[in-house]
1. Rank the residues Val33, Val134 as a footprinting-exposure proxy: fewest other Cβ atoms within 10 Å of their Cβ go first.
2. How many angstrom separate the Cα center of segment 4-32 from the Cα center of segment 149-167?
3. Relative to the Cα centre, what is the charge dipole magnitude of segment 5-192, using +1 at the beta carbon of each Lys and Arg, -1 at the beta carbon of each Asp and Glu, and rounding to the nearest 20 debye?
4. Mind sorting out which of (1) 48, 19, 15; (2) 37, 21, 18; (3) 25, 22, 17 is the real semi-axes √(5λ) of the Cα gyration tensor in Å computed from the coordinates?
5. For segment 136-181, what is the charge dipole size about the Cα centre, in debye to the nearest 20, if Lys and Arg each add +1 at the Cβ and Asp and Glu each add -1 at the Cβ?
6. Taking the chain as a Gaussian network, Cα atoms linked when under 10 Å apart, which of Asp172, Asp68, Asp92 shows the biggest mean-square fluctuation?
7. What are the membrane-span-like helices in the chain by this rule: whole DSSP H runs, Cα extent along the axis at least 24 Å, mean Kyte-Doolittle hydropathy at least -0.5?
Amino acid sequence: MPVGKRIYLKRELPDPEVVRQFKTIPAANVADVMGRSCAMNPRIRLMSQPKSKISAGVALTVKSRAGDNLALHSALNIAQEGDFIVVSNEGDNTRSLIGMIMMSYLYQYKKVAGIVIDGPIRDIDEIQHLDFPVYATGTTPGGPYKEGPGEVNVPISCGEISIDPGDIILADSDGVIVIPKKDAEVILKEAQKLQAADAAKVVESGKGTVNREWVDRILKEKGFEIIDDFYFR
């Protein structure tokens, strides 16, 4: 088997209903019930204007050689409706991996849920107006190579977060998080509870009735000193 040049056609997929329900929960709420350790580096940011505030889909992973999009082209061929394509890029920021031609194929014809690239894109004048979730690190007119190697539907790292094929990608204006497919149902239930609790806290905070006694309690536990005086040099 040519390691580094593998295109896997099959993935273990999560329950479609679970994926659908995540579309109603902000990424921040889900991240909070996952120990706050599931968010991609904020260098990967929203580059387009999707009408839906929250997007979710199933990870179709692409392991690219830096600045090379041959494996990504393979992923375009096998992508299915509802997939969220996630592309590692060895930290490269010198070459764009996708432009408007490929993007049109993805969102108009393939109808994928979105794309996340740990690297730049180009044709931003058009892409920035798309009703389609596009996350990337920036832009450059410099185009990619098409030489390989690369792999599809293998474990990757994107934005310092590990992703397995079939994991759930949840994205909004704050950024992108990764939900392991085997834990998705439990995470969904906990996130729904937190979302309801947070909504109540927002109302209480606006009225000034939220209980903030926990702040002083933790400060005391951590050894902070509260000094009723000025700071003097």
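All of the numbers you see were taken from the coordinates with simple rules; none came from a lab. Remember, it's a predicted structure, so these values are computed and weren't measured experimentally. A quick note on method: Cβ atoms are made from the backbone with ideal geometry, for glycine too, and the neighbour counts reach across all protein chains shown.
1. Values: Val33 19, Val134 24.
Placing the least packed residue first, the sequence is Val33, Val134.
2. That distance is 13 Å.
3. Roughly 260 debye, rounded to the nearest 20.
4. Answer label, from the structure shown: (2).
5. With only Lys, Arg, Asp and Glu charged at Cβ, the dipole is about 140 debye.
6. Top of the fluctuation ranking is Asp92.
7. Working: long enough: 184-207 (34 Å, -0.10).
What comes out of the filter, once short or polar helices are dropped, is 184-207.
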